[in-house]
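Note sheet for the following structure.
The values are calculated or read from the model by the stated rules, or taken from the named source; none is laboratory data. Bear in mind that the values here come from a model prediction, so they are computed numbers and not experimental data. Because the Cβ atoms are built from the backbone with ideal geometry, glycine has one as well, and the counts that use them run over all protein chains shown.
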């Protein structure tokens, strides 16, 4: 008998914290589906997140993001990766806490910068000083991410599977979320 997931595991945290990669590995380990709210928004809009930000603005994007997260939480429990700003909206936090479990993938600024500095797909970092922008976002968001149900620390020495195993270990402390195989 394998794991039995009772609630959707929602990965939250900064861009570059590994939500998509770790979420994919975790879903594989648990034998459940993996969903990415940004990918779902892009598929529905037939545009990238960056294009949506440029054409319609961040407020429009955040509204669509909330709708998508609500829809994804209604389905069979799985693993859901959210965009870095999703957890900041009180409505999203309330819904995620009520219907799932939030796991903050906490990474320090240097690790985040190493992972995002060469990416051109991050609309919030299209500024004259993207590292400072990332630092400012991290400073403002950190106390809100700390409201997550569980916190798992990232480390540059961990592989994706190492991080997924660490998230799995954290989930095992929550019998309301994960039933351990016998």
Checklist entry - When you go through 111, 73 one by one, which is the residue that is out of contact with any helix residue (DSSP H, G or I) (no Cβ under 8 Å at 6 or more places or on another chain), part of a helix (DSSP H, G or I), touching a residue at least 40 places away in the same chain (Cβ under 8 Å) and over 20 Å from residue 173 (Cβ atoms)? => result 111
Checklist entry - Which of the residues belonging to segment 32-46 are surrounded by fewer than 22 Cβ atoms within 10 Å (Cβ to Cβ) and either modelled with pLDDT of 95 or more or closer than 20 Å to residue 152 by Cα (or both)? => result 32, 33, 34, 36
Next on the checklist: Could you go through segment 84-95 and let me know if any residue there is in contact (Cβ under 8 Å) with a residue 24 or more places away in the chain, under 13 Å from residue 16 (Cβ atoms) and in contact with a helix residue (DSSP H, G or I) (Cβ under 6 Å, 6 or more places away or on another chain).
Outcome noted: no
Checklist entry - Do the conditions hold for residue 161, that is, is it out of contact with any strand residue (DSSP E or B) (no Cβ under 6 Å at 6 or more places or on another chain), surrounded by 14 or more Cβ atoms within 10 Å (Cβ to Cβ) and either outside any loop (DSSP other than H, G, I, E, B) or at pLDDT 95 or above (or both)? => result yes
Checklist outcome for this item: residue 169 fails exactly one of (1) in a helix (DSSP H, G or I); (2) over 22 Å from residue 42 (Cβ atoms); (3) in contact (Cβ under 8 Å) with a residue 60 or more places away in the chain, namely (3)
